[in-house]
Amino acid sequence: MSHILSNKASIVIVVAAVVVVVLPLFIPVVKHKEFSFFRSQQSSMATEKFGVKIQKNPPESKLTELGVRTWPKWGCGPSKFPWEFTATETMFLLDGKVKVYVDGYDESFEIGAGDFVVFPKGMKVTWDVTKAVNKHYSLEK
């Protein structure tokens, strides 16, 4: 009888080991819902420029799912200034237009009203706000 219990205990230990070691390899870990947002969109709709993820005119259902309209707001008038992202920042631009120059690159890109954008932590940029900006934003916790 103890031999049967010993075999059952061994099986339980092996199954537990498989679950703990192997299963996580098949389950992707996503830190933020914002990143899964990009994965759920068709590749033709989402772009990446110099490490910045940009989604043009995302569906309202996705914005609602993420709670974007409850995020804090920030805005500024036309201006040009350097900025360093000390945390990953996800934003949804309500109004405006910005030409973004990423440090280390000669080219720039534009973001504007209707864009859902993620800037990675540590990125240094210069923002050239050509049309007053109003945006919702969320900082990585």
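The values are calculated or read from the model by the stated rules, or taken from the named source; none is laboratory data. Note that the coordinates shown come from a computational prediction; the quantities given were computed from them, not determined experimentally. Glycine also receives a Cβ, built like all others from the backbone with ideal geometry; neighbour counts cover every protein chain displayed. We work out accessible area using only protein heavy atoms, side chains counted, and drop any ligands, DNA or RNA first. Shrake-Rupley method; radii C 1.70, N 1.55, O 1.52, S 1.80 Å.
Apply the Karplus curve 6.51 cos²θ - 1.76 cosθ + 1.60, θ = phi - 60°, to the phi angles in region 112-121 and return the couplings in whole Hz, x for Gly and Pro.
x, 3, x, 8, 9, 9, 10, 9, x, 4
If the reach is capped at under 15 angstrom between alpha carbons, list the aspartates and glutamates near Lys141, excluding any in the same chain fewer than eight residues apart.
Output for Lys141: Glu34, Glu89.
Test of understanding: what is the full-extension gain from Ala87 to Glu107, defined as 0.36 nm times their sequence separation minus their Cα-Cα distance? Please list the in-between numbers first.
Working: separation 20, 0.36 × 20 = 7.20 nm, distance 2.34 nm.
Contour length minus the Cα-Cα distance gives 4.9 nm.
Per-residue counts of other Cβ atoms within 10 Å, averaged by peptide: what ranking do you get for 131-141, 70-80, highest first? List each step's numbers first, then the result.
Working: 131-141: 16.1, 70-80: 11.8.
Order by mean packing, descending: 131-141, 70-80.
Which percent of the accessible area of region 39-141 is formed by carbon and sulfur heavy atoms (probe 1.4 angstrom)? Could you put the intermediate results ahead of the total?
Working: 2830 of 5720 Å².
The computed percentage sits at 50.
Could you compute the net charge surrounding Pro82? Neighbours are other residues with a C-beta less than 13 Å from the C-beta of Pro82; K and R count +1, D and E count -1. Spell out each step's value before the answer.
On the way: positive: Lys80, Lys124; negative: Glu84, Asp103, Asp128.
For residues surrounding Pro82, the net value is -1.
Testing the spin-label approximation: label points 7 Å from Cα along Cα→Cβ at Ser61 and Ser79. State their distance in nm.
Those two pseudo-labels are separated by 3.9 nm.
Near Tyr105, within a Cβ-to-Cβ distance under 12 Å, what is the net charge of the other residues, with Lys and Arg +1 and Asp and Glu -1? Walk me through the numbers before you get to the answer.
Numbers: positive: Lys49, Lys124; negative: Asp103, Asp106, Glu107.
Charge balance in the 12 Å sphere: -1.
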